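J.: The structure is given below, and queries will be raised subsequently.
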2 protein chains.
Amino acid sequence: MAMAFHPLAASRVHLSPLLPVPAAAAVAGAPASAHRRRFSAIVATAAASATTEFDFKSYMGERAASVNRALDAAIPAGDPPAALHEAMRYALLAGGKRVRPALCLAACGIAGGREAWAMPPAAAVEMVHTMSLVHDDLPCMDDDDLRRGKPTCHVVFGEPIAVLAGDALLSLAFRHMASVDSYPPDVDPEKHPARVVRAIGELARCIGSEGLVAGQVVDLEMTGSTETVPLERLEYIHLHKTAALLEASVVVDDILDVTKSSEELGKTAGKDLASDKTTYPKLLGLDKSREFAEKLLCDATEQLEGFDKEKAAPLLHLANYIAYRQN
Amino acid sequence: MAMAFHPLAASRVHLSPLLPVPAAAAVAGAPASAHRRRFSAIVATAAASATTEFDFKSYMGERAASVNRALDAAIPAGDPPAALHEAMRYALLAGGKRVRPALCLAACGIAGGREAWAMPPAAAVEMVHTMSLVHDDLPCMDDDDLRRGKPTCHVVFGEPIAVLAGDALLSLAFRHMASVDSYPPDVDPEKHPARVVRAIGELARCIGSEGLVAGQVVDLEMTGSTETVPLERLEYIHLHKTAALLEASVVVDDILDVTKSSEELGKTAGKDLASDKTTYPKLLGLDKSREFAEKLLCDATEQLEGFDKEKAAPLLHLANYIAYRQN
């Protein structure tokens, strides 16, 4: 079967589903850059229109179900070592809205690609995201006991297994992207190996000392610091740490952390403030933080103009959802 | 420039430099399998001959120097976040004989390939190996304070940074293999992206819940267990945990741990026994363990017969080194 498009080459339309940091940079209002302009060119214009006929809830539900099926199939349930696989599945299949994979799939859609192609990278991004949550929750890091309303991985399985489950999830993300078996029967990644290599390289870059991990390091350095944290430093943390496509959502996550109860949030409410964690609400106040989030949404929406409205609808709604999500 | 050979395709001559677990399986006497036979076909026959004119010490020294240069260049020394990069460099450039990379390069050599091609995978394997050491040394794991004669990463930089440095090294390994910049100017990995994808997939497989991590999980389960550990279980641990090409060396590492002082070993002597860690010496006794190592060396040597003697010399010497190394 001829293949006109590969989602890993989504940069053809100026958005790669595997470029979380630049995407975050755009949404979080980082200094202007080529990457920012690129992402902005996606997450906008089709904006206020094209919304009425699009059923966002169904869209998200269907994508989450597909992603969950892919994740479920990627980790054998009963195989030894059982404790490790159980811990990986516990963390990975704990729910979550799969916003990052949805963004990945929506980006593929706006580029005119087939979603089937985008599923392995979408699943890989979620594995990486889950790894970062499991490691960040560790007692020696943020020491969090609750995640998505459930006890965190190390609380249930112990610290050693939690560390190792994170390591295994990280390697699984790369194995998943590199394996022909991860792709649906009617698509053939072996015909486009250079794209797979490029996507793997980009994903790896966004995790390491220029991405996710770098953000967590600076976050840890700032936590409990007595000096006033400069806004740029907070932006650095978010641009890096959140490095999994959807990092603007963290702005709203921070707000939620102040105003919601543990039950609503599914995590320990107020924990970020209690632990002296640097957040936008702490630095700017709640109202200014909300304004900031809305301004970013406007910027993003503007730049979706010019794209096919129907194809842009999922991204448009995702941006809106991220800015206003209640949980 | 035309390129006749790519080390990532070394399986053409029945050995992939990126197949640590099967290689370990072969050397450690695992149940016969295709992989075992493949590796055996390499690590043998040229054996007792061809040794006199080969300067093993110079060979290893030159390879270690090349690998160290590649590793040094892969991590920016002063770039932020400084603590993270410092920790990564501390763990990665702490010395070590670079036996795994040397095996990788030697395997490329016997296959008739150019070593320049094998350097990125060789460096990646060392990054993965270092990651596993850093995480295994953590207080919640083996709680080791010394490694290669120096305080372990978490002792110097703290636990959070040690966890994150491991994560960053793991992602860097994949980034390194995927990046054109890792390859010497006169070789072009973009001409053989399918091989790069395959090698990345294999490396990822050997790390996760079927490899390194699986071995550490079972090792942790056995540590402190009151039941007698079956030999198969110990073999499982070594076949998996040691998953970085050279895992037969662990047999000797275990012996060293009993007989050497901390100063000689560069790690806390007797620690494995003190912590009730399962080892071959503990299970079989020292003499039987030595015999076992020698038998494995014989098996390996036999199977190097039939290869070009000059090309097989490095592998032959490496197998010998691994079986008899004093440290």
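The values are calculated or read from the model by the stated rules, or taken from the named source; none is laboratory data. Remember, it's a predicted structure, so these values are computed and weren't measured experimentally. As a convention, Cβ positions derive from the backbone with ideal geometry for all residues, glycine included, and neighbour counts pool all protein chains shown. Keep in mind that these areas ignore ligands, DNA and RNA; they rest on the heavy atoms of the full protein, side chains included. Shrake-Rupley method; radii C 1.70, N 1.55, O 1.52, S 1.80 Å.
J.: With respect to the numbered conditions (1) assigned to a helix (DSSP H, G or I); (2) over 30 Å from B:Glu310 (Cβ atoms); (3) within 13 Å of another protein chain (Cβ to nearest Cβ), which one is the sole condition not fulfilled by B:Val156?
T.: With respect to (1) assigned to a helix (DSSP H, G or I); (2) over 30 Å from B:Glu310 (Cβ atoms); (3) within 13 Å of another protein chain (Cβ to nearest Cβ), B:Val156 is out only on (3).
J.: While we're on this one: Cβ-Cβ distance below 9 Å, separation of 6 or more or different chains: which pairs start in segment B:164-182 with a residue that is at the interface with chain A (Cβ under 7 Å from one of its Cβ atoms) and end on one that is of a type in the set (Ser, Thr, Tyr) and assigned to a helix (DSSP H, G or I)?
T.: B:Asp167/A:Ser132; B:Leu170/A:Ser171; B:Leu170/B:Ser132; B:Phe174/A:Ser171; B:Arg175/B:Ser182
J.: State the number of residues belonging to segment B:172-209 that are small (Gly, Ala, Ser) and either in contact with a strand residue (DSSP E or B) (Cβ under 9 Å, 6 or more places away or on another chain) or at pLDDT below 85 (or both). Walk me through how you get there before you give the answer.
T.: Going residue by residue through segment B:172-209, those that are small (Gly, Ala, Ser) are B:173, B:178-179, B:182, B:194, B:199, B:201, B:204, B:208-209.
From what's left, either in contact with a strand residue (DSSP E or B) (Cβ under 9 Å, 6 or more places away or on another chain) or at pLDDT below 85 (or both): B:199.
Counting residues in segment B:172-209 that are small (Gly, Ala, Ser) and either in contact with a strand residue (DSSP E or B) (Cβ under 9 Å, 6 or more places away or on another chain) or at pLDDT below 85 (or both) gives 1.
J.: Report, by residue number, each residue of segment B:72-115 that is within 13 Å of B:Thr130 (Cα to Cα) and within 14 Å of chain A (Cβ to nearest Cβ).
T.: Filtering segment B:72-115 down to residues within 13 Å of B:Thr130 (Cα to Cα) leaves B:87-101.
If the condition is that a residue be within 13 Å of B:Thr130 (Cα to Cα) and within 14 Å of chain A (Cβ to nearest Cβ), then B:Ala87, B:Met88, B:Arg89, B:Tyr90, B:Ala91, B:Leu92 are the ones that fit.
J.: Same structure, new question: Within segment A:206-222, how many residues turn out to be in contact with a Lys or Arg (Cβ under 8 Å, 6 or more places away or on another chain) and without any contact (Cβ under 8 Å) to a residue 40 or more places away in the chain?
T.: Kept after step one, since they are in contact with a Lys or Arg (Cβ under 8 Å, 6 or more places away or on another chain), are these residues of segment A:206-222: A:208, A:211-212, A:214-216, A:218-219, A:222.
Narrowing further to those that are without any contact (Cβ under 8 Å) to a residue 40 or more places away in the chain: A:208, A:214-215, A:218.
Adding up the residues that qualify gives 4.
Okay, residues lined up against (1) open to solvent by 10 Å² or more (accessible area, probe 1.4 Å); (2) in contact with a His (Cβ under 9 Å, 6 or more places away or on another chain); (3) of a type in the set (Gly, Ala, Ser); (4) in a loop (DSSP other than H, G, I, E, B):
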{"position": "A:Lys57", "(1), (2), (3), (4)": "yes, no, no, no"}
{"position": "A:Ala64", "(1), (2), (3), (4)": "yes, no, yes, no"}
{"position": "A:Gly78", "(1), (2), (3), (4)": "yes, yes, yes, yes"}
{"position": "A:Arg89", "(1), (2), (3), (4)": "yes, no, no, no"}
{"position": "A:Ala94", "(1), (2), (3), (4)": "yes, no, yes, yes"}
{"position": "A:Ala116", "(1), (2), (3), (4)": "yes, no, yes, no"}
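J.: Which members of segment A:184-240 meet the condition of being open to solvent by 40 Å² or more (accessible area, probe 1.4 Å), more than 9 Å from chain B (Cβ to nearest Cβ), within 30 Å of A:Ala116 (Cα to Cα) and part of a helix (DSSP H, G or I)?
T.: Within segment A:184-240, just A:Lys191 meets the criteria.
Here's the yes/no breakdown for (1) within 19 Å of A:Asp181 (Cα to Cα); (2) at pLDDT below 85:
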site	(1), (2)
A:Ala41	no, yes
A:Ala46	no, yes
A:Glu62	no, no
A:Pro80	no, no
A:Gly109	no, yes
A:Ala124	yes, no
A:Ser132	no, no
A:Met141	no, no
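J.: Could you list all residues from segment B:132-153 that are facing chain A (nearest Cβ under 8 Å) and aliphatic (A, V, I, L, M)?
T.: The answer is B:Leu138, B:Met141.
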